[in-house]
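To start, the structure under review is shown below, and the notes come after it.
The values are calculated or read from the model by the stated rules, or taken from the named source; none is laboratory data. Keep in mind the model is a prediction, meaning the values are calculated, not measured. So basically every Cβ, Gly included, is an ideal-geometry build from the backbone, and we count neighbours across all protein chains shown. Heavy atoms of the whole protein, side chains included, go into the accessibility calculation; ligands, DNA and RNA do not. Shrake-Rupley method; radii C 1.70, N 1.55, O 1.52, S 1.80 Å.
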Amino acid sequence: MRGIDKRFLAALLALGLLGAACSSKPSTEATGDDVATGECTAAETPVITFAAYSTPREVYGKIISAFQALWKEEHDDQNIIFQESYGGSTTQAANIVNGFEADIFAASLGPDIDQVVDAGLITSDWTQQPDGGMVSSSIAVFDVREGNPEGLADWDDLTTDGLEILTPDPASSGGARWNIVGAYGAAMRGHAGVEEGDTAGAQELLTGIFSNVTVLDKSARDSIKNFEAGNGDVAITYENEILTANKAGLPDEMVIPPSTVMIENPVAIVDKNVDKHCVREVAEAFVEYLHTDEAKELYTTVGFLRSTDKAEAQKGGEGFPAVEDLFTLDDIGGWDQINDEVFGEPDGVFTKAFAEAQA
């Protein structure tokens, strides 16, 4: 298989063991906190450490600024400082587990939040937030060269011999796993040249696709930058990445396969850290703000992200094309089932497909 490190499967098994990161708070942080008793003294200027997956950097810049202004207006001119960190969603989850003291985690997908839950750092039920904890959605699409010279239209077109595909690394990127689930789910729903429910056919499709993958970048944003630098014939990516590129005047062209997955993006408070830093009030207010109409408008108009409502996301409108068959994770069994059937070792559909693609 061209250009891919054959240690990938081992890395995939070690999703929770990725590199650690450390954080330091500036001098405005509360001091003298008694974490053991739950008592703390809030800083005059609270500091929120915000960790997010790579692609919504632009919209979070706008949302954070809007929230800071609103908080200042409603809290006697108090300023809030945000320290922002962006990277592959799964890498961010591992970093938090390994010591990066994020107060809020904006992930690409629920299982990355659950890594932090399993580590005991998130103790509240993040799914009880409005919209099940989801703040935005997107879809898995193809970024093709101007004019679509390869004539790509569906997932099975990605198996064409000689095609060069970019997609991020599922060992570090939530977007990568969404791309895999997009192809798998479409196949299992009877699209992309596969009979409905044909697991072997879905595996064959994934083998064909990953036989053509030339680069596995560490994040979706890195992958799209690599494509825009002239590498590859097509990148599998988030819809919002292509719309962001188009807004910037770049010639990225989007192809939406007939059947694709609704990418749902959650945000959660990291309870242990907000209590340690004495910023729970601010953190909770920010996460609540993400579900307001004002924030949703920014997600749509700045971040080019779709509604959290499936019917709204599917029908498109306001600059978003309609999708013929848009499915959610729940439509194909949910993450617990997908993690076992698709990414499980040694018999997951993708695990076997990837090994065969390397052979």
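Taking the 1.4 Å solvent-accessible surface of the chain as the whole, the part contributed by carbon and sulfur is 46%. Net length available on complete extension from Thr127 to Ala66 is 19.5 nm, with 0.36 nm assigned per residue and the Cα-Cα distance removed.
Using the Cβ-Cβ distance between Asp331 and Ala285 with R0 = 35 Å, the FRET efficiency computed as 1/(1 + (r/R0)^6) comes to roughly 0.55.
Here the Gaussian network model covers the chain, with springs between Cα atoms less than 10 Å apart; of Ile332, Ile139, Ile242, Ile332 fluctuates the most. Among Ala192, Ala322, Ala220, the residue with the largest mean-square fluctuation in a Gaussian network model of the chain, with springs joining Cα atoms closer than 10 Å, is Ala322.
Ranked from largest, the principal axis spans of the Cα set of segment 162-227 equal 35, 26, 15 Å. Amide H to amide H distances under 5 Å link Gln83 with Ile48, Thr49, Phe50, where only residues 5 or more positions off or on other chains count and H is placed in the peptide plane.
Evaluated at q = 0.12, 0.22, 0.26, 0.27 Å⁻¹, the base-10 log of the normalised Debye intensity for segment 243-301, with identical point scatterers placed on the Cα atoms, takes the values -0.54, -0.96, -1.08, -1.11.
Under the rule of at least 5 residues apart or a separate chain, name every residue whose amide H is placed under 5 Å from the amide H of Ile263. Residues meeting the criterion, in which the H sits 1.01 Å from N, are Ser138, Ile139, Ala140. Considering helices alone, the calculated mean residue ellipticity of the chain at 222 nm is -11000 deg cm²/dmol, with DSSP H runs of length four and up weighted by -39500 (n - 2.57) and normalised per residue.
In a solvent-free Debye calculation with one equal scatterer on each Cα, what is log10 I(q)/I(0) for segment 255-350 at q = 0.24 Å⁻¹, listed in the order of the q values? After summing over all Cα pairs, the log10 values are -1.15. Quick one: grab the alpha carbon gyration tensor of segment 202-319, order the square roots of its eigenvalues as a ≥ b ≥ c, and give me rounded if a/c is under 1.5, else prolate or oblate depending on whether a/b is larger than b/c. Verdict is prolate for segment 202-319. Other residues within the sphere of radius under 10 Å centred on the Cβ of Glu150, judged by their own Cβ, net out at -2 (K and R +1, D and E -1). Couplings for segment 315-321, taken from phi via the Karplus curve 6.51 cos²θ - 1.76 cosθ + 1.60 with θ = phi - 60°, read 6, x, x, 6, x, 9, x Hz in order; Gly and Pro are left as x. Net charge in the neighbourhood of Ser85 (other residues with Cβ under 12 Å of its Cβ; Lys, Arg +1, Asp, Glu -1) is -2. Between the helical axis of 349-358 and the longest alpha-carbon principal axis of the chain there is an angle of about 60 degrees. Helix 280-289 axis versus longest C-alpha principal axis of the chain: approximately 50°, rounded to the nearest ten.
Solvent-accessible surface of segment 206-359, taken per residue with a 1.4 Å probe and all protein chains present: 39 Å².
Amide hydrogen proximity for Phe304: with H placed 1.01 Å from N in the peptide plane, no residue at 5 or more positions away or on another chain lies under 5 Å. Using equal-weight Cα scatterers in the Debye expression, the normalised intensity of segment 235-277 in log10 at q = 0.13, 0.14, 0.29 Å⁻¹ is -0.51, -0.55, -1.08. Of all DSSP bridge pairs formed entirely within the chain, close to 55 percent run antiparallel. With 23 Å as the limit, the listed pairs Lys225/Lys272; Lys62/Lys315; Lys62/Lys296 have Lys225/Lys272; Lys62/Lys315 beyond it between alpha carbons.
For the chain, the longest principal axis of the alpha carbon atoms and the long axis of helix 57-74 meet at an angle near 20°.
Sort out the exposed loop trypsin sites (Lys or Arg not before Pro) in the chain (DSSP loop, at most 14 other Cβ within 10 Å) and tell me the longest stretch that has none. Display every interim value, and only then the final one.
Working: sites that count: Arg2, Lys6, Arg7.
With a cap of 14 other Cβ atoms within 10 Å, the longest stretch comes to 8-359.
Normalised by residue number, the volume inside the convex hull of the Cα atoms of the chain is 132 Å³ per residue.
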